[in-house]
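The values are calculated or read from the model by the stated rules, or taken from the named source; none is laboratory data. Note that this is a predicted model, so its numbers are computed, not measured. In this analysis, Cβ positions are derived from the backbone assuming ideal geometry, glycine residues included, and neighbour counts consider all displayed protein chains. SASA here: full protein model, heavy atoms, side chains in, ligands and nucleic acids out. Shrake-Rupley method; radii C 1.70, N 1.55, O 1.52, S 1.80 Å.
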Amino acid sequence: LGLEKGVELAEKLGYRELSERWGKAAFEIKNAILYNKKFRLIEDGHLVKRRTRDGRWQKLMIPPDRTSMPGGSPLATIEKPSCEPDTCEVMPITYGMIDPKGELSRNTLRWIEHLWNQHWDSGGYSRYNVLSEPDPPAPWPLASLFMARAHIEAGDYRKVWRSVNWVRRLKGGNSGAWFERYGQSITPPSPPVGIVGWASSEITSLIVHHIIGFRPGLDRFTIRPKLLYGLRQIRGTFKVRESNVDLLLTRTRKKPFGLLNGKRVGLDANSLIVPYPSERRHLKIELHV
C-alpha cells in the first residue's frame, strides 16, 4: 500500500522509471499475498499471519530452548503454542486492500473473534493468540482498536462500540495514557507494563479516517463518513494545503446531500470529493448522511 502511494507521488513529480519500478513491486507483493497458490496469506477462506519459506502455513511458535522462556509463560509450558489468529490480519480490511464486506473479510473477522475474551471475561482482544505469549494472557487496547477500525469498514457497528467502550472504561483511559496490555508481566527485568501512545493514534485514525472519513489525496480530498449509530452530529476542523476546512456531519433520514460553502452539492455513495483550492481558502462543508 505504501508503494502504491509512492507511485502516485513519483508520477506527480515526473519520475516515470521509479514509478514503474515501485508499481511493479507493489503489484507483485499484493499478488503474492492474495493470489499466489503457494505463498498467499489465505487459508480456509480467511487471512493468516505467516508462512515458512517453503510455503507451509506457520501455525505454531515453538521456541528452540524452552528454558530460555519466562518461567510459567505459555511459551515455556504449552507443548504446541499457537500463533494464530493475529489481529494484524485485519489490516487489509482496514486499509481497503480487500473488500471489507466480502467473504474473505467476513471469514477473517470471524476467525479473529477467537481473541475476544480468549482467556478472561472482562472484554478486549489480545494482540495475537495468547498461547504464544511470553507473558500471562491479557487484552490489549491497541489491538482492540485495530479491530474497531476493521469492524467499522465491515459495517459491524455493534462491535465497534464494544471495543471503544471497553477501551474507554480501562484505567488510564480518561487521560489517554493506556497501558500496552492489561495483565501482569512475568518478564524480568522489564516492568510489568508500559504506557504507549499507539492506542491514542488508533483512536485518532478511527475518528478521522473512518467515522468522519476525511481522506486527503494528492489533488483532492474525499469525505466518506461512517456515522455510527448513537452519533447524531460530529464537527471537525482540518488544515489541508494551507486551507482550513470546517466540517459538520449530521444524521438525516432523508436523501443524503452536502453543502459546500452554502451551495448544495450531491454525494456519490455518501461521499464528497473536493479538489484542492488553487489558493488559500476557508471551506465550510456540511454533509447530511
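Structure summary
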item: Residues of region 1-38 classified as touching a Gly at 6+ places or on another chain (Cβ under 6 Å) and either on the phi > 0 side of the Ramachandran plot or open to solvent by 90 Å² or more (accessible area, probe 1.4 Å) (or both), total; result: 1
item: Among (1) open to solvent by 40 Å² or more (accessible area, probe 1.4 Å); (2) within 22 Å of T204 (Cα to Cα); (3) within 27 Å of the chain's Cα centre (by Cα), the one test that E242 misses; result: (3)
item: Number of positions in region 51-64 that are surrounded by 14 or more Cβ atoms within 10 Å (Cβ to Cβ) and of a type in the set (D, E, K, R); result: 2
item: Residue in region 261-276 that is of a type in the set (V, I, T) and under 30 Å from N165 (Cβ atoms) present; result: no
item: Residue match in region 55-65 (condition: in contact with a helix residue (DSSP H, G or I) (Cβ under 9 Å, 6 or more places away or on another chain), farther than 24 Å from S144 by Cα and at pLDDT below 95); result: yes
item: Residue list for region 252-289, filter: touching a residue at least 24 places away in the same chain (Cβ under 8 Å), open to solvent by 100 Å² or more (accessible area, probe 1.4 Å) and not in a strand (DSSP E or B); result: K254, R280, R281
item: Helices (runs of 4 or more DSSP H) lying entirely in region 77-192 (those with 3 or more residues that are surrounded by fewer than 21 Cβ atoms within 10 Å (Cβ to Cβ) and not acidic (D, E)); result: 103-112, 157-169
item: Qualifying residue in region 56-74 (condition: β-branched (V, I, T) and in contact (Cβ under 8 Å) with a residue 40 or more places away in the chain); result: no
item: Region 207-220, subset modelled with pLDDT of 95 or more and among the hydrophobic types (A, V, I, L, M, F, W, C), residue nearest to Y157 (Cα to Cα); result: I211
item: Among residues of region 48-100, those that are in contact with a Ser or Thr (Cβ under 7 Å, 6 or more places away or on another chain) and under 27 Å from P136 (Cβ atoms), counted; result: 12
item: Residues within region 213-239 that are hydrophobic (A, V, I, L, M, F, W, C) and open to solvent by 80 Å² or more (accessible area, probe 1.4 Å), tallied; result: 0
item: Residue satisfying condition, being touching a residue at least 60 places away in the same chain (Cβ under 8 Å) and of a type outside the set (A, V, I, L, M, F, W, C), within set R181, R158, R149, R162; result: R149
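Rundown of residues vs (1) in a helix (DSSP H, G or I); (2) touching a strand residue (DSSP E or B) at 6+ places or on another chain (Cβ under 9 Å), yes/no style:
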position	(1), (2)
T204	yes, no
I211	yes, yes
R215	no, yes
L227	no, yes
L231	no, yes
I234	no, yes
F238	no, yes
N244	no, yes
